[in-house]
Amino acid sequence: MFSKFDDPEPVRRLCGPNRANLALIEDAFNVYVKTPGSSVHIDGDTPTRVQVGEIVHENYQRLERGRPR
């Protein structure tokens, strides 16, 4: 799954310090998440990629609106 966002800052904040937030997502869902620039790539089985994609989109929108994670 691939998503391109308008602003790289919320993506950076979504990742957390040293990718800590992404590591939690990867461990919990058995996926691999890459975040080049303002893009998010999720590797894993299709149903899980969709589920994680929804989580990423929801959290991106919260960060974009200035709400905490």
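All of the numbers you see were taken from the coordinates with simple rules; none came from a lab. Predicted, not measured: the structure shown is a model, and the values here were computed from it. Here Cβ is always computed from backbone atoms with ideal geometry, including for glycine, and neighbour counts include all displayed protein chains.
What to note about this one:
- The residue that is surrounded by the fewest Cβ atoms within 10 Å (Cβ to Cβ), among those in region 19-69 that are farther than 18 Å from residue 7 by Cβ and among the polar types (S, T, N, Q), is 46.
- Region 20-49: number of residues that are of a type outside the set (Gly, Ala, Ser), under 16 Å from residue 9 (Cα atoms) and touching a helix residue (DSSP H, G or I) at 6+ places or on another chain (Cβ under 7 Å): 4
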